[in-house]
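Below is one structure, written out as structure tokens; comments come after it.
The values are calculated or read from the model by the stated rules, or taken from the named source; none is laboratory data. Computed from a prediction, not measured in an experiment: that's the story for all the values here. Quick reminder, even Gly has a Cβ in these numbers, built from the backbone with ideal geometry, and neighbours come from all protein chains shown. Each accessible area value is taken on the protein alone, full model and side chains, heavy atoms only, with ligands, DNA and RNA left out. Shrake-Rupley method; radii C 1.70, N 1.55, O 1.52, S 1.80 Å.
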Amino acid sequence: MRRKMIAGNWKMNKTIQEARDFLSKLQHLEPKQRARVVLCAPYLSLPALADVAIPPVEICAQNVHFAPSGAYTGEVSVEMLKEIDVHMSIIGHSERREYFNETDEALNKKVQAAVKEEFEVILCCGEKLEEREAGNQFQVVEDQLRADLADVKPEDMYLVNIAYEPVWAIGTGKTASAQDAQDMCQHIRRLLAELFNETVADETTILYGGSVKPDNIAELMAMEDIDGALVGGASLEPMSFLKLLDYEV
Ligand code: PGA
């Protein structure tokens, strides 16, 4: 059975102190849902959070480099994250693809580097507005994932979660309809069956992201192929995040 996951992506928000305060409000929580609870924080806050986080809360980076070490100014490696007890990172977020030139080629190297070190990723994919308007959304997402997951072994796929995040829905207040999100997540699952096998397709956690809020999460989570949510804006306030964790389908 694949696990559900609710992940808050804070992006470039919260000082270390603010991050600590947020986490202290979440500790000892017993959400109604048995989903994994993941906080994706800026690098500087990761050690402070990882030191004190207790299950079900898990701490996640927002990016990681593919090289183990070397001349990559400004970057952080898998090994460095593991040293501070962070075992997961988002990769390929559309903001990183768009503003920091993160390519599918680099993402493929990141996936390979991560799984080699038993490090988990939340691999993001998603189409832009003009691509959806032209009816190319399935092809765009498929092309991204084929490139990002090239040469990854089926037995390593337990370390890969996929987040479908249509670019036009991120931070815009425009959520994809639950049906459109479901259709894409189902398409992704079928692609995983083709690229790997039925077990990988069945067991991979696929998240939807893009203007998920307490009042629309239940509808999304009710969809068969949506196993979780990657949430930006609505994850910044503890009360709002707690409501997301208590969604009722
Ligand atoms: P949003 O961001 O929930 O603010 O739309 C989602 C994301 O970028 O992961």
Report task. Evaluate the stretch 182-204: report whether one residue or more is within 12 Å of the ligand (Cβ to nearest atom), in a helix (DSSP H, G or I), of a type outside the set (S, T, N, Q) and surrounded by 15 or more Cβ atoms within 10 Å (Cβ to Cβ). Result -> no
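Sort out which residues of the stretch 14-36 are surrounded by 15 or more Cβ atoms within 10 Å (Cβ to Cβ) and farther than 16 Å from residue 50 by Cβ, and write them in order of number.
At the first step, the residues of the stretch 14-36 found to be surrounded by 15 or more Cβ atoms within 10 Å (Cβ to Cβ) are 14, 16, 19-20, 22-23, 26, 29, 31, 33, 35-36.
29, 31, 33, 35 - these are the residues of the stretch 14-36 that are surrounded by 15 or more Cβ atoms within 10 Å (Cβ to Cβ) and farther than 16 Å from residue 50 by Cβ.
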Report summary line: Inside the stretch 102-143, the number of residues satisfying the requirement of being over 20 Å from residue 175 (Cβ atoms) and touching a Lys or Arg at 6+ places or on another chain (Cβ under 9 Å) is 10
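Hey, among the residues in the stretch 130-168 that are in contact with a strand residue (DSSP E or B) (Cβ under 8 Å, 6 or more places away or on another chain) and within 16 Å of the ligand (Cβ to nearest atom), which one's farthest from residue 120 (Cα to Cα)? It would help to see each step written out before you state the result.
Residues of the stretch 130-168 in contact with a strand residue (DSSP E or B) (Cβ under 8 Å, 6 or more places away or on another chain): 141, 144-145, 148-149, 152, 159-165.
Pick out the ones that are also within 16 Å of the ligand (Cβ to nearest atom) and you get 141, 144, 161-165.
Numbers: 141: 21, 144: 19, 161: 8, 162: 11, 163: 13, 164: 17, 165: 18 Å.
Within the stretch 130-168, the match that is farthest from residue 120 (Cα to Cα) is 141.
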Query raised in the report: Can you find even one residue in the stretch 199-217 that is touching a Leu at 6+ places or on another chain (Cβ under 6 Å), touching a residue at least 24 places away in the same chain (Cβ under 8 Å) and over 16 Å from residue 175 (Cβ atoms)?
Result: yes
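Which of the following residues is open to solvent by 70 Å² or more (accessible area, probe 1.4 Å) and either over 18 Å from residue 230 (Cα atoms) or not in a loop (DSSP other than H, G, I, E, B) (or both): 95, 58, 105? Show your work before the answer.
On the way: 95 fails: open to solvent by 70 Å² or more (accessible area, probe 1.4 Å); 58 fails: open to solvent by 70 Å² or more (accessible area, probe 1.4 Å).
Of 95, 58, 105, the one residue that is open to solvent by 70 Å² or more (accessible area, probe 1.4 Å) and either over 18 Å from residue 230 (Cα atoms) or not in a loop (DSSP other than H, G, I, E, B) (or both) is 105.
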**Report entry** residue 71 being in contact with a Ser or Thr (Cβ under 8 Å, 6 or more places away or on another chain) and open to solvent by 10 Å² or more (accessible area, probe 1.4 Å)
**Finding:** no
Report task. Could you identify the single residue in 116, 109 that is in contact with a Phe, Trp or Tyr (Cβ under 6 Å, 6 or more places away or on another chain) and under 28 Å from residue 85 (Cβ atoms)? Result -> 109
Query raised in the report: Which one of these does residue 237 not meet: (1) among the acidic types (Asp, Glu); (2) open to solvent by less than 10 Å² (accessible area, probe 1.4 Å); (3) within 13 Å of the ligand (Cβ to nearest atom)?
Result: (2)
Query raised in the report: Considering only residues of the stretch 171-181 that are under 17 Å from the mean Cα position of the chain (by Cα) and open to solvent by 30 Å² or more (accessible area, probe 1.4 Å), which is farthest from the ligand (Cβ to nearest atom)?
Result: 175
Query raised in the report: Is it the case that some residue within the stretch 224-233 is at pLDDT 95 or above, surrounded by fewer than 17 Cβ atoms within 10 Å (Cβ to Cβ) and in contact with a helix residue (DSSP H, G or I) (Cβ under 9 Å, 6 or more places away or on another chain)?
Result: yes
